[in-house]
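**Q** Just passing along the structure, written as structure tokens.
The values are calculated or read from the model by the stated rules, or taken from the named source; none is laboratory data. Since we're looking at a predicted model, the values are computed, not measured. Here Cβ is always computed from backbone atoms with ideal geometry, including for glycine, and neighbour counts include all displayed protein chains. Surface areas here come from the heavy atoms of the whole protein model, side chains and all, with no ligands, DNA or RNA. Shrake-Rupley method; radii C 1.70, N 1.55, O 1.52, S 1.80 Å.
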Amino acid sequence: MTSRVHRVLAVLLAAGCASAALAQQLLINGAGATFPYPIYSKWFDEYHKKFPNISFNYQSIGSGGGIQQITAGTVDFGASDGPMNDKQIQEFKAKRGSDILHFPTVLGADVPVYNIRGVTAQLNFTPEALAGIFLGKITKWNDPAIAGPNPGVNLPNAPIVVVHRSEGSGTTYCWTDYLSKISKEWETKVGRGTSVNWPVGLGGKGNEGVSGQVKQVNNTLGYVELIYAVQNKMTYGKVKNAAGQFLAASLEGVTAAAGSVKDMPADFRVSITDAPGKAAYPISTFTWLLVPNKIADPARKKAIVDFLHWMLTTGQTMASALDYAPLPKTVVAKEEKAIAKIM
Amino acid sequence: MSALPSAIDTPPASGGAAAAFWKRLRAGDEIAIAVTFLSALTVILVTAVLVFELYRKSAISRHAFGWSFLISTTWDPVSGTFGALPFIYGTLVTTALAMIIGIPLGVGAAIFLAELAPPLLSSSLSFLIELLAAVPSVIIGLLGIFVMIPILQQIVPPVQDKLSWIPIFSGPFYGVSLFTAGVVLAIMILPFIISISREVILSVPNDQREGALALGATRWETTWKVVVPYARKGIAGSIFLALARAMGETMAVTMVVGNDPKIAHSLMAPGYSIAAVIANEFAEATGDLYQGALIELGLVLFGVTILVNGAARLLVMSTEKKGTS
């Protein structure tokens, strides 16, 4: 009799434990940028392995979608390749009654890719040449603005076919942000954005669409994400940075660009294109997590804060293996302090 | 109730109206009418809600641009200036090309399969054609990029050399173009035209054929002058379905059309379509005006589809009056 009672008790106890464990299971929802999705899913996976009661659900629906969802309050955090602008932050404050914090996670970069019949050399591009080509003012490959920094390369007298992204993307934001900084004319005529009114060129869908068109059509020039170019072993051009050096994009050069920014603002909303350092690759960008500064549920708040600390330490060591440039130490130290703003 | 049609003979009323009602109900008339009416109503309601939502959510854009949205050619998300004309143009041109290529091929194939091919060949080929309809549009788009464009790049420039004095063939050919999108769309609508038209032609009563043959018509005369006119309405229906499919196609078009919102007079130049720009830009569109403009584009596509479909129906009706069958 007693053994039966014991058995029943044991079953009840086991069920109780299981339900307690279930109750502690915490699901953190996020949505946003597609560019950092591979590293984010790696992070969330590793973090879940370490802390099995916390799991993350990240929808890579695009930066714009991430900003909308965090503003609507349907997710715990957003993610974006471009910082929220002042108007978006005002809207967030009005709707959610709290501030929004930007946390840089990793870095990305854009590289110029080209396909010119008979040219295999790694070309040098000046900012003036890139702006001129994308504005439609430099139309031939043998234009002095391109030929000048490439002595010894036999550039053809052929029209340049420009290829850009057709869909809204953080890659385009980074590229147009760079062009806006180095060319007043670009800034006033076209400006920066995830989609812009391109003066010239064909639109390809995604990095694969741009690279596909660059490969298929002769005498093309386009831009793709550094990671995409590296993983697909594409040759890409060197770009002259603000210090006058021609640099091929590399993870080190991108991290250096983030490190060379003077006066990093407290909210991390900063563009690092055309950064001043000698080793800084000029077409680089942060990608950000967007976290409200007031999180009502203490368990949820603790989980997000703990994750941010982990992301800045252990997480950063995983970046290079996936071809993402890790944050410079100065930025990590600054972010560690900023996490305290989450209440 | 008396207005409702009844398929059964009503015997002299013995138990009054109630009994007659129950009798009819048992026979299924009322239920059938109610159920089918509700089905029809659901479809209409869904469409109405869709249009209403598009109209409501595009309010900010409609107020900002008014009717000039339809004729403006600038699409600038940075400065917040939006106009739909290049996209309307691209949608109409690619759809027209698809129909010009797809209708003769599709109807021709359907006639062959239904009238001329041996039954075994006909049914197995039809199965393959229906499989084509099941291929996802992204796959068709990839085939367009990696198979069709390289072939077109070999074929088009030599032809252009001879015909470049005609404006619609002029200009450089990059592979992606309105023409390429038209060809891809034609491939996508073929299964709709072929399989529906074949079924319709097969369902033409045999006495029509026998009658024509008995009068001394050849096999082809029978097919072309008797069978096809008899099946005309069904064939037209398949074409309307194909038309709607072509206008709304998104993924395959955006992969091969070049995504350049300019109105080019040459078919060999890149263009853009309404469905493609919505798919490309909606996910990253921030700001109410930008989103409103994209939603208004959806409304415009709806309007353009209705207009084109209506015009096509009028065309068919006018030929029917002249028809002799």
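**Q** Any of A:Lys140/A:Lys205; A:Lys301/A:Lys337; A:Lys205/B:Lys262 with alpha carbons more than 22 Å apart? Name them for me.
**A** Beyond 22 Å between Cα atoms: A:Lys140/A:Lys205.
**Q** Specify the inter-centroid distance of region B:224-255 and region A:281-343, based on alpha-carbon positions, in whole Å.
**A** That distance is 55 Å.
**Q** Would you mind computing Rg(Cα) / (2.2 N^0.38 Å) for region B:106-170, counting N as its residues?
**A** 1.62
**Q** Could I ask something else about it? For the protein assembly as shown, what % of the accessible area comes from carbon and sulfur atoms, probe 1.4 Å?
**A** Percent of accessible area from carbon and sulfur atoms in the protein assembly as shown: 65.
**Q** How big is the charge dipole of the protein assembly as shown about its Cα centre, in debye rounded to the nearest 20, if each Lys and Arg gets +1 on its Cβ and each Asp and Glu gets -1 on its Cβ?
**A** For this selection, approximately 520 debye.
**Q** Quick one: angle between helix A:63-72 and the longest Cα principal axis of chain A, in degrees between 0 and 90, rounded to 10, please.
**A** 40
**Q** What does the charge count near A:Leu226 come to, summing +1 for each Lys or Arg and -1 for each Asp or Glu among other residues with Cβ under 12 Å from its Cβ?
**A** That sum, taken over residues with Cβ under 12 Å, equals -4.
**Q** Another one. Restricting to the protein assembly as shown, compute how many DSSP beta bridges are antiparallel as a %, nearest 5.
**A** Restricted to the protein assembly as shown, the bridges split so that about 60 percent are antiparallel.
**Q** Can you tell me the 0 to 90 degree angle between the C-alpha axis of helix A:298-310 and the longest principal axis of chain A, rounded to 10?
**A** 40
**Q** Could you work out the relative contact order of region A:109-258? I mean the mean sequence separation of Cα pairs under 8 Å and 6+ apart, divided by the number of residues, in percent.
**A** Relative contact order, region A:109-258: 36 percent.
**Q** How large are Rg and Dmax for region A:68-138 when calculated on the C-alpha trace, in angstrom?
**A** Reported Rg and Dmax, both Å: 19.9, 60.
**Q** Considering only region A:109-258, what is the antiparallel percent among its DSSP beta bridges, to the nearest 5?
**A** Around 60 percent of the beta bridges assigned by DSSP in region A:109-258 are antiparallel ones.
**Q** What angle do you read, to the nearest 10 degrees and between 0 and 90, between the alpha-carbon axis of helix B:85-111 and the longest principal axis of chain B?
**A** Result, in degrees: 50.
**Q** Further question on the same structure: Total accessible area buried between chains A and B, 1.4 Å probe, in Å² to the nearest 100?
**A** 2200
**Q** Beyond 19 Å between alpha-carbons counts as too far, so tell me which of A:Lys87/A:Lys181; A:Lys294/A:Lys341; A:Lys181/A:Lys240; A:Lys42/A:Lys233 fall in that bin.
**A** Result: A:Lys87/A:Lys181; A:Lys42/A:Lys233 exceed 19 Å.
**Q** Excluding residues fewer than 8 places away in the same chain, name every one of the lysines whose C-alpha is closer than 18 Å to that of B:Lys233.
**A** Within the straight-line cut-off, B:Lys233 pairs with B:Lys225, B:Lys321, B:Lys322.
**Q** Size of the dipole of region B:59-324 about the Cα centre, Lys and Arg at +1 and Asp and Glu at -1 on the beta carbon, nothing else charged, in debye to 20?
**A** Using only the charged Cβ atoms, the result is roughly 720 debye.
**Q** If you split all Cα-Cα distances of chain B into 20 Å bins from zero, what percentages do you get per bin, shortest first?
**A** Result returned by the calculation: 24, 47, 24, 4, 0.
**Q** What percent does the relative contact order of chain B come to when contacts are Cα pairs within less than 8 Å and at least six residues apart?
**A** Relative contact order comes out at 25 percent.
**Q** Given +1 on the Cβ of Lys and Arg, -1 on the Cβ of Asp and Glu, and no further charges, what dipole in debye does region A:109-258 carry about its Cα centre, rounded to the nearest 20?
**A** Roughly 240 debye, rounded to the nearest 20.
**Q** Another question about this same structure. Mind checking the alpha-carbon convex hull of chain A and giving the volume per residue in Å³?
**A** Spread over its residues, the Cα hull of chain A gives 150 Å³ apiece.
**Q** Along the positive direction of the dipole of the protein assembly as shown (beta-carbon charges: Lys, Arg +1; Asp, Glu -1; about the Cα centre), which of B:Gly237, A:Thr74, B:Leu54 reaches farthest?
**A** Comparing the listed Cα positions along the dipole, A:Thr74 ranks first.
**Q** Then there's this: How much net charge surrounds A:Gly206 when only other residues with a Cβ under 12 Å from its Cβ are counted (Lys, Arg +1; Asp, Glu -1)?
**A** Neighbour charge sum, excluding A:Gly206 itself: -1.
**Q** In the neighborhood of B:Pro191, defined by Cβ-to-Cβ distances under 14 Å, what is the net charge if each Lys or Arg adds +1 and each Asp or Glu adds -1?
**A** Spelling it out: positives minus negatives among the neighbours equals -1.
**Q** How large is the direction-averaged shadow of the alpha-carbon convex hull of the protein assembly as shown, in nm²?
**A** Mean shadow area of the hull around the Cα atoms is 47.6 nm².
**Q** Would you mind getting the accessible area per residue of region B:257-319, heavy atoms of the protein chains only, 1.4 Å probe, in Å²?
**A** Per residue, region B:257-319 has an accessible area of 37 Å².
**Q** May I ask which residue of A:Leu290, A:Ala266, A:Gly253 lies farthest towards the positive end of the charge dipole of region A:238-291, with charges of +1 (Lys, Arg) and -1 (Asp, Glu) on Cβ and the Cα centre as origin?
**A** Result: A:Gly253.
**Q** Rounded to the nearest 0.05, what FRET efficiency do B:Leu45 and B:Ile100 have when you use their Cβ-Cβ distance and R0 = 41 Å?
**A** Once the sixth-power term is evaluated, E becomes 0.70.
**Q** Along Cα→Cβ, 7 Å out, is where each label goes; now give me the distance between the ones at A:Ser250 and B:Leu132 in nm to one decimal.
**A** Result: 5.3 nm between the two label points.
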